[in-house]
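**Student:** Please see the structure below; I have some questions.
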Amino acid sequence: MAKIAANLRAVRERVDRAAGRSGRDHSAVELLVVTKTWPPEVIAEVLEAGHELLGENKLQEAWGKIPELPASARWHFIGHLQRNKARKALGLFEAIHSVDSLRLARHLDRVAGELGKRPRIYLQVNAAEEESKSGFAVGELREALPELLSLEKVELAGLMSIPPATEDPEVGRSSFRKLRELRDDLEEEFEVSLPGLSMGMSQDFEVAIEEGATIVRVGSSIFGPRGVAGSTDS
Ligand SMILES: *Cc1c(COP(=O)(O)O)cnc(C)c1O
């Protein structure tokens, strides 16, 4: 109990210091605590410590856990979302970090309209065009952006990425910087605001913040290592 609260406090302090180094106020960087694989009684410790912004990456798992936890929790979805699960997802999550195709965005927009919701969405970018990862290739994103910007029910929060896994946080730096530069280019080119950058995990969230992250997704630094079964990302 005390352990999770202490880890949470330590991570929040590291987030705040990194925000300071990047010349930003604490409030400019949100901490999304990634609760995947952890049961409700463990997640409850985070809520009891006063933190309410939580993330899950599998709909099936979230569907079982979220109703067990206080309604004060605010949930973001960070995993691969299938179109036929959009309705379920919008019932549980206020933001989707992992919108990886125009078809999914269109579908979310339609369902959000039907449900009377206004979810925030981040566009997942696969800048390195890694086979194993979903996300828009950069050219694809440019092509899709005019239509994405015309969607009325979803709010385009910004961009998200999952960089190649590595032990060296500095390796992530160039990919974080590229995502920020892409965002800056798109804002200028399309004369829009895409303020959010969802990037950085336990291994590299401080570097991500230094490079402009507005929300970092942190799990194992708070809860400890996940079991092998739960450690896969889509
Ligand atoms: C699991 C996960 C995280 C958190 O990873 P940690 O290394 O435990 O901090 C962040 N983002 C996504 C998309 C994830 O699936």
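**Student:** Extension gain S150-K3, at 0.36 nm per residue separation less the Cα-Cα distance, in nm?
**Tutor:** Residue separation times 0.36 nm, minus the Cα-Cα distance, leaves 48.3 nm.
**Student:** Right, next: When we measure straight from the Cα of K178, which lysines land under 22 angstrom away, once same-chain ones fewer than 8 places off are left out?
**Tutor:** K133
**Student:** Testing the spin-label approximation: label points 7 Å from Cα along Cα→Cβ at E181 and K85. State their distance in nm.
**Tutor:** My value for the distance between the label points is 3.4 nm.
**Student:** If you take every residue apart from N126 with its C-beta less than 11 Å away from the C-beta of N126, what net charge results, scoring Lys and Arg +1 and Asp and Glu -1? Don't jump to the answer; show the numbers that get you there.
**Tutor:** Values: positive: K133; negative: D100, E129, E130, E131, E140.
Charge balance in the 11 Å sphere: -4.
**Student:** Now for a separate question. How high is the FRET efficiency between E143 and R120 when r is their beta carbon distance and R₀ equals 35 Å, given to the nearest 0.05?
**Tutor:** Efficiency, rounded to the nearest 0.05: 0.95.
**Student:** Mean shadow of the chain, computed from the convex hull of its alpha carbons, in nm²?
**Tutor:** 12.1
**Student:** Here is a further query. HN-Hα J couplings of the range 56-65 from phi, Karplus 6.51/-1.76/1.60, θ = phi - 60°, integer Hz, Gly and Pro as x?
**Tutor:** 10, 10, 10, 5, 4, 5, 5, 4, x, 8
**Student:** Helix-derived [θ] at 222 nm for the chain: sum -39500 (n - 2.57) over DSSP H runs of at least 4, divide by residue count, nearest 500?
**Tutor:** Computed mean residue ellipticity for the chain: -13500 deg cm²/dmol.
**Student:** Another question about this same structure. Summing Lys, Arg as +1 and Asp, Glu as -1, what charge do residues with Cβ under 15 Å from the Cβ of K88 carry, K88 excluded? Before the final figure, lay out the partial values.
**Tutor:** On the way: positive: K58, K65, R83, K85, R87, R110, K117; negative: E56, E61, E94, E114.
After counting each charged neighbour, the total is +3.
**Student:** Further question: Looking at the chain, send over the antiparallel percent of its DSSP beta bridges, to the nearest 5. Walk me through the numbers on the way to the answer.
**Tutor:** Working: 0 of 25 bridges.
So the antiparallel bridges amount to about 0 percent of the total.
**Student:** Still on this structure, I have one more. So how do T35, T214 rank on accessible area, 1.4 Å probe, biggest first, that is with the largest at the start?
**Tutor:** T214, T35
**Student:** Order the following by accessible area, largest value first: E41, E140. Probe radius 1.4 Å; ligands, DNA and RNA are ignored.
**Tutor:** E41, E140
**Student:** Continuing with this model, one more query. Going down the table (K88/K117; K3/K36; K3/K88; K36/K153), which pairs top 23 Å between alpha carbons? Before the final figure, lay out the partial values.
**Tutor:** Working: K88/K117 12 Å; K3/K36 18 Å; K3/K88 33 Å; K36/K153 28 Å.
Correct reply: K3/K88; K36/K153.
**Student:** Let me ask another. Work out from phi, with θ = phi - 60° and the Karplus expression 6.51 cos²θ - 1.76 cosθ + 1.60, the ³J(HN,Hα) of each residue of the range 216-222, listed in order in whole Hz, and give x for Gly and Pro.
**Tutor:** 10, 10, 10, x, 5, 5, 9
**Student:** Residues of the range 182-209 with backbone nitrogen within less than 16 Å of a virtual label 7 Å along the Cα-to-Cβ line of S220, please, listed as ranges.
**Tutor:** Residues 200-206 qualify, since their backbone N sits under 16 Å from the label point.
The values are calculated or read from the model by the stated rules, or taken from the named source; none is laboratory data. Nothing here was measured: the structure is a model prediction, and the numbers come from that model. Ideal geometry is used to build each Cβ from the backbone, glycine not excepted, and the neighbour counts take in all protein chains shown. Only protein heavy atoms, including side chains, enter the accessible area calculation; ligands, DNA and RNA are left aside. Shrake-Rupley method; radii C 1.70, N 1.55, O 1.52, S 1.80 Å.
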